[in-house]
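The values are calculated or read from the model by the stated rules, or taken from the named source; none is laboratory data. None of the values given here were measured: they were computed from a predicted structure. Counting neighbours? That spans all protein chains shown, and the Cβs are built from the backbone with ideal geometry, glycine included. Just the protein is used for accessible areas: all its heavy atoms, side chains included, with ligands, DNA and RNA removed. Shrake-Rupley method; radii C 1.70, N 1.55, O 1.52, S 1.80 Å.
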Amino acid sequence: MYFAPILLILVGLLCYKVASVLIRRQRNARKASRLGCIPPPTAPRKGFLGIGTLRESIRATREDRGPVWMHENLNAIGKTVHTVRAAIFDYELIITRDAQNVKAMFATQSQDFDIGLHREKCFKSLLGPGVMTNRQEKWKHSRRLIQSQFARDNVADLDLFQRHLNALLRRMPVSEDGWTAKVDLSPLFYSFTLDTSTEFLFGQSVHTLSPEDRAGPLSWDYNAPDLSTFGYHLDEAKHIIDRRGALAKYGWLLRDNTFPDHCKAVQDCVDYFIQKRLDGTWDGRKVDEKTRGRDKFILLDELIGKTKDHYELRCELLNVLHAARDTTASLLGWSFYFLARHADIFAILRKEVLDTLSADPSAQITFAQLWSCKYMQWFLNEIIRTVGVVPMNERVAVRDTTLPCGGGPDGRSPVFVPKGTQVLVPTYSMQHREDIWGESVEEFNPERWQDRKFGWDFIPFGGGARQCLGQQFARTEAMFAISRMLQLFDKIENMEGPGPIKMHQTIENRSGTGVQVRLHLASSSFKSHCQERKTECELSLSEPYDLGLGAERGEKLV
Ligand code: HEM
């Protein structure tokens, strides 16, 4: 009985939708032609309404080859085609790996573009509004608040990295033959960067790698949240967000009842840190106003000088934590993934570290020394280029606008971009364009960076107005950890065996098979450790030897 009116309403809605799409297309076509724009090539739409393409892309991501799938699909349209239109259902977007278009969106026409609304929507519940998720005026406010802090020289604290690296090394006991057991370095680096970034942001690490250090300062406080699960809840919440993000504007379809609990657990911990800092109490002692944040850089302390709004502090700090932690862990993981597969590069890099810094892993390293390691810089650039640590970026047009090129058969005409259109920037694909990087594009070769300057064709840290604020921090942390490990170990072996590279793409891109290696302790570092600990150098190692600097042999590993 009710069937006919419902059907009528549905048909009416469908007609309205079709009519409005057609009218919008006509209006856009007229405006585009007035502006001298020509559409770019259209990516083939597979299956009904492009559902086949969507399915293929989801399958590729699930099989850990998402960035490669995108690159191959663009190349299939044409190796010289760098801007295309794509459509799935009623959703039309532009994909560009053209440096000129990227420069326009990120810099020269940045007032016409912003990050997509779905980034804000996906992350809102976990991070809240902050520098990564805010748009327009609100973003400008967040950026101003954070940026001035990052301009300081002492943002990257080498002592901080050293302490947490020691904890990581304690997880890698060495046997009698000088080799560590087979270890997956990937999760260790994710823990390492969680520990360093929580300390750098909140002034208190969650000590994932050294829980024994966590117990001390907070044991007196019965109201303290459970810091041991901070990393778990953060990872789980991010995992759900990643899955939603893959569905773009349809992300809301993916429901997960555990999501609010994960978000709350993370926020409770951060709230606790902030409250303690705001109260001026920490570890039961009064924090001295004068020394607060002076001897070492703590972002929370710096922000407290600008705002006392608890919610704002929490959101901004969580935004930076999200930006900092996984990206740097991915960079470190991939570094050792490639070192384990390129013995020649391992040898060159190690020689540079020993010559420039010292062969002694307990000798002090300075910021200037680290940054003078040229080959190390090339090596990191090549890692970032090869894997695309953040393999995809995006913008959305906030008004009708244009991109300077990509249109027409020769790709030289401007392209019309209607308001609300999402423009994807597949940075991985940009970094694998043969016309930019040459025929050896798929070769891992740090030396290609010898005389190369950064341009708009290499934007792993974004560019222009929203450029990454932590590039220097991330590079310093990675250089420090790599240098120390190369001082300690003289060999690395790939324990995964042959097989294709797997790129597990979430927001960052990490190795889908982990970083399965074993490392061999250099005899010189072994001696220096022994001397430092006043133990005998000719130790006959009948038990695994604990590598952690400062830790005594035989100490119980956690
Ligand atoms: C290898 C490591 C890293 C990579 C590849 C990376 C990459 C990026 C990229 C591509 C963006 C721009 C996003 C966009 O255009 O919308 C970005 C933004 C940002 N990054 Fe990083 N990042 C890294 C490490 C870090 C670290 C360690 C920190 C902090 C300590 C950090 C803080 C930020 C912040 C605050 C923003 C937001 C800037 C804004 O929107 O105004 N990043 N990062």
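Angle of helix 3-34 to the longest C-alpha principal axis of the chain, folded into 0 to 90 degrees and rounded to 10: 80°.
Which order do the peptides 72-80, 109-117 come out in when sorted by mean C-beta neighbours inside 10 angstrom, highest first?
109-117, 72-80
The angle between the Cα long axis of helix 185-202 and the longest principal axis of the Cα atoms of the chain comes to about 90 degrees, rounded to the nearest 10. When the alpha carbon coordinates of the range 299-366 are projected onto the principal axes, the ranges are 52, 27, 14 Å, largest first. Straightening the chain between GLU443 and ARG34 buys 142.8 nm, computed as 0.36 nm per residue apart minus the Cα-Cα spacing. The alpha-carbon of LYS31 sits under 13 angstrom from the alpha-carbons of these aspartates and glutamates, leaving out residues fewer than 8 places away in its chain: ASP400. Atom-type composition of the exposed protein surface of the chain places 55 percent of the accessible area on carbon and sulfur (1.4 angstrom probe). Extension gain for the segment SER175 to GLN364, taken as residue separation times 0.36 nm less the Cα-Cα distance, is 65.4 nm to one decimal. Using a probe of 1.4 Å, the accessible surface attributed to HIS322 totals some 40 Å² when neighbouring protein chains are kept in position. So how much slack lies between ASP213 and ARG412, counting 0.36 nm per residue of separation and subtracting their Cα-Cα distance, in nm? Contour length minus Cα-Cα distance gives 65.7 nm.
Ellipsoid semi-axes for the range 159-237, based on the Cα gyration tensor and the rule √(5λ), read 25, 14, 12 Å when sorted largest first. Between the helical axis of 51-62 and the longest alpha-carbon principal axis of the chain there is an angle of about 0 degrees. For LYS182, LYS17, the ranking by accessible surface with the largest value first comes to LYS182, LYS17, using a 1.4 Å probe. Which parts of the range 1-29 would a label at LEU49 reach, counting a residue when its backbone N lies under 17 Å from a point 7 Å out along Cα-to-Cβ? Under 17 Å, as judged by backbone N against the label point of LEU49, lie 10-22 of the range 1-29. Rounded to 0.05, the FRET efficiency of the ARG59 and LEU13 pair, given R0 = 25 Å and the Cβ-Cβ distance, is 0.20. Summarising the label geometry, the points placed 7 Å from Cα in the beta-carbon direction at ALA107 and ASP159 lie 3.8 nm from one another. Note that the range 35-143 carries a Kirkwood radius of 16.3 Å, evaluated over its alpha carbons pair by pair.
Determine the relative contact order of the range 1-158: mean sequence separation of Cα pairs under 8 Å and six or more apart, normalised by residue count, in whole percent. All intermediate terms of the calculation are to be shown ahead of the outcome.
Numbers: 90 pairs, mean separation 20.1, N = 158.
The normalised contact order for the range 1-158 reaches 13 percent.
Note on surface exposure: ASP256, ASP451, ASP261 rank ASP451, ASP261, ASP256 by accessible area, highest first, 1.4 Å probe.
For the set ASP457, ASP326, solvent exposure ranked by accessible area (probe 1.4 Å, protein chains only) runs largest to smallest as ASP457, ASP326. For the range 108-228, the Kirkwood hydrodynamic radius from C-alpha pairs, put into Stokes-Einstein at 10 °C and a viscosity of 1.306 mPa s, yields a diffusion coefficient of 89 µm² per second. Its convex hull of Cα atoms gives the range 297-410 a direction-averaged projected area, equal to a quarter of the hull surface, of 13.3 nm². Taking 7 Å steps out from each Cα toward its Cβ at SER372 and THR42 produces label points 6.0 nm apart. Gyration tensor analysis over the Cα atoms of the chain returns equivalent ellipsoid semi-axes of 44, 29, 22 Å (largest first, whole Å).
Heavy atoms of the protein chains alone define the surface here; on that basis the chain has 46 Å² accessible area per residue at 1.4 Å probe size. Here the Debye sum runs over all C-alpha atoms of the range 378-464 as equal scatterers in vacuum, and log10 of I(q)/I(0) at q = 0.20 Å⁻¹ comes out as -1.00.
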